[in-house]
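**Student:** So that we are looking at the same thing, I have put the structure below in structure tokens.
The values are calculated or read from the model by the stated rules, or taken from the named source; none is laboratory data. These numbers come from a predicted model, not from an experiment. Counting neighbours? That spans all protein chains shown, and the Cβs are built from the backbone with ideal geometry, glycine included.
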Amino acid sequence: MGLRRATVAALCLLAACTGINPDYDPTRTHHRPDRFVNLSGGPIDKPLSDLLRWWWERSRDGLPKPPSAFVDGYRFPVDQPDLAWLRANRDRVSVTWIGHATLLVQMGGLNILTDPHFSQRAFPVQWLGPRRKTPLPAELAQLPRIDLVAISHSHFDHLDRDTVHALIAQAGGQPVFLAPLGVHRWLRDEGAARVEAFDWWQSRQVLGLRVDFVPVHHWSQRSALDRNRTLWGGWVLRAPDFSFLFVGDTGYSPDFAEIGARFGGVDLAAIPVGAYEPRWFMKDQHIDPAEAVRIHRDVRARRSVGIHWGTFELTDEPLDAPLGALPAALDAAGVPRGDFFLMRHGETRRLPFQPTQDPKQ
Ligand code: ZN
Ligand code: ZN
């Protein structure tokens, strides 16, 4: 460890131990001297007893609770992306689902990754933690050179250190990282040279796109000492011909009606639909499919795509539960099924995102 890294590590440890939020701005309502909080409902800071109750109930009841098509060897089909087309494409809007919260979005002549995760486990070490249950449809090095990376928050299933290092080392130079406050410091410490830090409702041009960082209802943590010390949120990316909202992770909140009012709708929203049971524990931090449909309406998305499912088994519902729960939620809300779709891993859709076939057939 060099002197600079040692100094940074010592300062970070000092900040953690003394409870300092280095990005604290007393004029912002969601800032506290020692952390960030949500605009509605304060911080998510569940007592350890809740976590222990969830784990105890899991071990008592066994998993998965409902019968699932995913058990007994069933696996999701994985598409082979048309990599030559993706590498050549610079003018068509396209979206490719890599898995979990990772999307390759092509818009504004740019190749954009959301919460890029190309590792086998969503954990700091690769011998422990939630394992990838559905294989990667492509390696990072097979994709076109990435121009822009949007990070939603610091949780391990969204911010993967090995993937960040691979992006920093990619041929053709580093991408620009869009980072919530605090996450920008982590990225720079890992070697990222082109980092754009954003607070909620900040807006600026990046690589020709209008970029806005928006509040969602969640939390952050990577270690025992840094809970809610870095910010979380969603990204609105706008090119002249296409607008895209990446929600990241969230519970349901009034933030989404506000996003809908401020932006007047988006062409496509990527909204989480998985990792939501048991509700007594998850509701404050992860929406279920019915709440995802509410957000689709609140933000006035012309189309939405479900993410954050079918890849890492993080919670109690079966990995394939959103396949049934999302269409049921759409029907109950009177939203056409084609307006909020699920994709196969590796599948690419091009504007205007009309479903070419039923997903997961
Ligand atoms: Zn999270
Ligand atoms: Zn997550």
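**Student:** Checking Pro215 against (1) buried (at least 22 other Cβ atoms within 10 Å of the Cβ); (2) more than 19 Å from Ile20 (Cβ to Cβ); (3) out of contact with any helix residue (DSSP H, G or I) (no Cβ under 9 Å at 6 or more places or on another chain); (4) not hydrophobic (A, V, I, L, M, F, W, C): exactly one of these is not met. Which one?
**Tutor:** (3)
**Student:** Take the residues of the range 285-310 that are in contact with a Leu (Cβ under 9 Å, 6 or more places away or on another chain) and among the charged types (D, E, K, R): which is surrounded by the fewest Cβ atoms within 10 Å (Cβ to Cβ)?
**Tutor:** Of everything passing the filter in the range 285-310, Arg302 is surrounded by the fewest Cβ atoms within 10 Å (Cβ to Cβ).
**Student:** Could you tell me whether the range 284-299 includes any residue that is under 22 Å from Leu209 (Cβ atoms), more than 16 Å from ligand 1 (Cβ to nearest atom), touching a residue at least 24 places away in the same chain (Cβ under 8 Å) and in the same structural domain as His345 (by TED's automatic domain parsing)?
**Tutor:** Yes, the conditions are met somewhere in the range 284-299.
**Student:** Take the conditions more than 30 Å from Arg300 (Cα to Cα), out of contact with any Leu (no Cβ under 9 Å at 6 or more places or on another chain), outside any loop (DSSP other than H, G, I, E, B) and of a type outside the set (A, V, I, L, M) and apply them to Arg188. Does it pass?
**Tutor:** Against the criterion (more than 30 Å from Arg300 (Cα to Cα), out of contact with any Leu (no Cβ under 9 Å at 6 or more places or on another chain), outside any loop (DSSP other than H, G, I, E, B) and of a type outside the set (A, V, I, L, M)), Arg188 qualifies.
**Student:** Can you run down the residue pairs with Cβ atoms below 9 Å, 6 or more apart or on separate chains, where the first is in the range 172-192 and of a type in the set (S, T, N, Q) and the partner is not in a loop (DSSP other than H, G, I, E, B)?
**Tutor:** Gln174/Leu167; Gln174/Ile168
**Student:** Tell me which of these Gly310 doesn't satisfy, since it passes every other one: (1) assigned to a loop (DSSP other than H, G, I, E, B); (2) closer than 25 Å to Ser94 by Cβ; (3) within 15 Å of ligand 1 (Cβ to nearest atom).
**Tutor:** With respect to (1) assigned to a loop (DSSP other than H, G, I, E, B); (2) closer than 25 Å to Ser94 by Cβ; (3) within 15 Å of ligand 1 (Cβ to nearest atom), Gly310 is out only on (3).
**Student:** State whether one or more residues within the range 244-266 are within 13 Å of ligand 2 (Cβ to nearest atom), more than 15 Å from Ile44 (Cα to Cα) and part of a strand (DSSP E or B).
**Tutor:** Yes, the conditions are met somewhere in the range 244-266.
**Student:** Just for the range 129-184: of the residues that are closer than 20 Å to Glu313 by Cα and of a type in the set (Val, Ile, Thr), which one is nearest to ligand 1 (Cβ to nearest atom)?
**Tutor:** In this case the residue turns out to be Thr163.
**Student:** Further question on the same structure: One residue is enough: does the range 196-212 have a residue meeting the conditions modelled with pLDDT of 95 or more, within 15 Å of ligand 1 (Cβ to nearest atom) and part of a loop (DSSP other than H, G, I, E, B)?
**Tutor:** There is no residue in the range 196-212 that is modelled with pLDDT of 95 or more, within 15 Å of ligand 1 (Cβ to nearest atom) and part of a loop (DSSP other than H, G, I, E, B).
**Student:** I would also like to ask the following. Of the numbered conditions (1) within 16 Å of ligand 1 (Cβ to nearest atom); (2) over 26 Å from Trp85 (Cβ atoms); (3) among the small types (Gly, Ala, Ser); (4) touching a strand residue (DSSP E or B) at 6+ places or on another chain (Cβ under 6 Å), Ala192 fails exactly one; give the number of that condition.
**Tutor:** (1)
**Student:** What is the residue count in the range 75-121 for residues that are among the hydrophobic types (A, V, I, L, M, F, W, C) and farther than 28 Å from Arg131 by Cα?
**Tutor:** 6
**Student:** Checking the structure you have, find out if any residue of the range 116-136 is at pLDDT 95 or above, away from ligand 2 (no atom under 16 Å from the Cβ) and under 23 Å from Phe242 (Cβ atoms).
**Tutor:** No, the conditions are met nowhere in the range 116-136.
**Student:** If a residue has to be outside any strand (DSSP E or B) and either without any contact (Cβ under 8 Å) to a residue 60 or more places away in the chain or of a type in the set (Asp, Glu) (or both) to count, how many in the range 86-123 make the cut?
**Tutor:** Summing the residues that are outside any strand (DSSP E or B) and either without any contact (Cβ under 8 Å) to a residue 60 or more places away in the chain or of a type in the set (Asp, Glu) (or both) in the range 86-123 gives 12.
**Student:** Of a type in the set (Asp, Glu) and in contact with a Gly (Cβ under 6 Å, 6 or more places away or on another chain): which single residue out of Asp284, Asp288, Asp241, Asp212 fits that description?
**Tutor:** None of the others qualify; the one that does is Asp284.
Residue by residue, here is whether (1) under 23 Å from His218 (Cα atoms); (2) touching a Pro at 6+ places or on another chain (Cβ under 6 Å); (3) surrounded by 17 or more Cβ atoms within 10 Å (Cβ to Cβ) holds:
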position	(1), (2), (3)
Arg90	no, no, no
Ala101	yes, no, yes
Asp115	yes, no, yes
Leu128	no, no, no
Leu140	no, no, yes
Val149	yes, yes, yes
His155	yes, no, yes
Arg161	yes, no, no
Pro175	no, no, yes
